[in-house]
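Accompanying notes for the structure given below.
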Amino acid sequence: MRHQKSGRKFGRNPAQRKAMFRQQAISLILNERIVTTEAKAKELRSVVEKLITIAREDTSHTRNIVMSRLDHEKSVDRLFTEVAPRFEGQPGGYTRMAKLGVRKGDGAPTVLIEFVD
């Protein structure tokens with residue numbers, strides 16, 4: 001039984017899941033919005049919102065923490081200089097999802113995930 005187990009597996013091992021969410025977080029930070037499946041977007045939301053909360057305080061320590069999780073200098077710079085300052089007084093809820101319908105190939109529900117302005 002699967003009672004009270006949190007998180008989705010997506011048919012991947014933990015290293016693959018971590019890599020997938022790292023790349024999606026980088027894409028979201030650089031492009032402001034991405035289209036993905038609904039389940040992936042729901043999991044990605046928690047990853048990105050935690051990064052933004054850390055990045056709201058711009059110190060060398062917080063930059064090292066975010067860099068260790070993303071490992072992409074351009075996205076870390078953009079997160080600290082452009083994205084996080086927008087949400088300075090906001091206690092959470094930095095992203096929104098808009099449903100787009102189903103994907104043609106397999107019928108998976110797709111969503112647009114983007115930062116709230």
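The values are calculated or read from the model by the stated rules, or taken from the named source; none is laboratory data. Bear in mind that the values here come from a model prediction, so they are computed numbers and not experimental data. For neighbour counting, all protein chains shown are included, and Cβ atoms are generated from backbone atoms with ideal geometry for every residue, glycine included.
Of all the listed residues (ILE65, ILE54, ILE29), the sole one being touching a His at 6+ places or on another chain (Cβ under 9 Å) and aliphatic (A, V, I, L, M) is ILE29. The single condition among (1) in contact with a strand residue (DSSP E or B) (Cβ under 8 Å, 6 or more places away or on another chain); (2) assigned to a helix (DSSP H, G or I); (3) of a type outside the set (D, E, K, R); (4) free of Cβ contacts under 8 Å to residues at least 12 places away in the same chain that GLY101 does not meet is (2). Residues that are farther than 21 Å from ALA15 by Cα, modelled with pLDDT of 95 or more and polar (S, T, N, Q): does the stretch 80-87 have at least one? Yes, the stretch 80-87 contains at least one residue that is farther than 21 Å from ALA15 by Cα, modelled with pLDDT of 95 or more and polar (S, T, N, Q). Residues being free of Cβ contacts under 8 Å to residues at least 24 places away in the same chain and closer than 22 Å to ALA15 by Cβ are entirely absent from the stretch 55-63.
Of all the residues in the stretch 15-34, those that are in contact with a Phe, Trp or Tyr (Cβ under 9 Å, 6 or more places away or on another chain), in a helix (DSSP H, G or I) and surrounded by fewer than 18 Cβ atoms within 10 Å (Cβ to Cβ) number 3.
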